[in-house]
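Heads up: the structure comes next, in structure tokens.
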Amino acid sequence: MIIGTKVIQRAKILIVEDEPGPQEALTLVLRPFFDIYRAEGADAALQTIKDIPDIDVITLDLVLSGRSGVELLQDLKRDHANIEVIILTGYGTLLSATDCFRHGAAAYLIKPFDQVDMLREINMALVRKQRLEGLRGFLGDLQRSAQQGLTPETARRHLAQDPRLLEHAQAVCRYALQLADSLHLSHTDRQHLELGALLHDIGLLAIDDEIAHYQTISELSVEDIHQAHTQIGARMALDAHLATPIVEIIQYHHERYDGSGYTHRLFGEDIPYLARIVAIANSIDHITSTRALKRLTPREVQAFLKLNAGGRFDPWLVELWRPEAYS
């Protein structure tokens, strides 16, 4: 595996190619960096995986004798989802590429490909594999914590794998609770608000940092995929059996009061109450944190919120916001 100029050995790569020439050429390129295994067709590939269950990445030629590479890809992603698959083809089309990505391919390369491109794609696939394994561990921990009673401290510990996300989550939680001080929420609602605010962006943990690489092939914009984090996060929360109000915060915190938000375009009070609070808190952090292009003062934040009252934000909640609480 290559990170920058550093080589971390030794991932296991399976080359599935039934033509001896291309198989040997690819072996020569990859062998200095990885442990290489080879298979000449779909059946041989599946047998290799059975014999060596910890294969990390497969390079898969689309044209195989007896069975298509796409059919094998579908079987691999159904039965061996932890293995990343890089498609190789000499006859690439947009339709073919889109179909492969839809079935879970990590990359799609057209022959003849550059050696550096191949090594980069394998590196990215290994990083993605590592990230997904970490995400599975995160979900397992989250499920166990929910069964025992999820606490804010536990939620923070789960988010610690991404320091920037943790910093943002803690700020949003702080602003949401400060706004809630004016609302006389029940103890249970306040608990749900605190946990939902901390976990509102957990779906981002499942978004691939390299997603821009797939943009032109999959015909999805980076913005489209980023917006999916609310639905991904909600599914994660449901799988962890978190309380419904927490799931709603995660799912609906990007809805707007005027119905122009994403992804369900809910309008007004159709947006769950606690999600409307987190929507305001989320925006406050984005315009006041050190990550903002121009950090606004508390008075400027108040003006921004009033400007967007009834549009982005619940106007009644905006009226409850007091800049002195954030000074």
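No value in this document is a laboratory result; all are computed from the given coordinates. The shown structure was predicted, so the numbers you read here are calculated from the model rather than taken from an experiment. So basically every Cβ, Gly included, is an ideal-geometry build from the backbone, and we count neighbours across all protein chains shown.
Couple of notes before you dig in:
- Residue-wise HN-Hα coupling along region 49-63, computed from phi with Karplus coefficients 6.51, -1.76, 1.60 (Hz; x: Gly, Pro): 5, 5, 6, 10, x, 9, 4, 8, 9, 10, 9, 10, 6, 6, 9
- Sorted fewest first by neighbouring Cβ atoms within 10 angstrom, L177, L142, L307 come out as L307, L177, L142.
- The residue list L14, I49, I122 was ranked by how far each Cα lies along the charge dipole of region 2-129 toward its positive end, using unit charges on Cβ atoms, and I122 comes out on top.
- Cβ-Cβ FRET estimate between D189 and R157, R0 fixed at 22 Å, reported to 0.05: 0.40
- Entries of K50/K111; K77/K129; K12/K111 with Cα pairs more than 19 Å apart: K50/K111; K12/K111
- Whole-angstrom gap from region 118-172 to region 61-88, using each part's C-alpha centre: 28
- Between A303 and Q143, full extension at 0.36 nm per residue minus the direct alpha carbon distance yields a gain of 53.5 nm.
- When you filter the chymotrypsin sites (Phe, Trp or Tyr not before Pro) in region 1-108 for DSSP loop state and at most 11 other Cβ atoms inside 10 Å of their Cβ, you are left with Y91.
- Length released on extending from R67 to R31, taking residue separation times 0.36 nm less the Cα-Cα span: 10.3 nm
- FRET efficiency estimate (nearest 0.05) - Cβ-Cβ, D117 to D51, R0 30 angstrom: 0.50
- Note that region 36-41 has calculated 3J(HN,Hα) couplings of 10, 10, 10, 9, 9, x Hz, one per residue in order, obtained from phi through the Karplus relation 6.51 cos²θ - 1.76 cosθ + 1.60 (θ = phi - 60°); glycine and proline are x.
- Distant-in-sequence amide contacts of F313, defined by a placed amide H-H separation under 5 Å and a gap of 5 or more residues or a different chain, comprise Y257.
- Counting neighbouring beta carbons within 10 Å and listing from fewest to most, the residues R291, R156 come out as R291, R156.
- Each of D75 and L165 was given a label point 7 Å from its Cα along the Cα-to-Cβ line. The distance between the two points is 3.4 nm.
- Taking amide H atoms as placed 1.01 Å from N in the peptide plane, the amide H of I58 lies under 5 Å from those of L14, E84, V85, I86, each 5 or more residues away in sequence or on another chain.
- If R0 equals 30 Å, the separation of the Cβ atoms of T98 and E133 corresponds to a calculated FRET efficiency of about 0.70.
- Our summary gives the chain a relative contact order of 11 percent, counting only alpha carbon pairs under 8 angstrom and 6 or more residues apart.
- When K77, K50, K111 are arranged by Cβ crowding within 10 Å, least crowded first, meaning fewest neighbours, the order is K50, K111, K77.
- Note, ³J(HN,Hα) from phi for region 235-246, Karplus 6.51, -1.76, 1.60, rounded to Hz, x at Gly and Pro: 5, 4, 5, 5, 4, 8, 6, 6, 4, 3, x, 5
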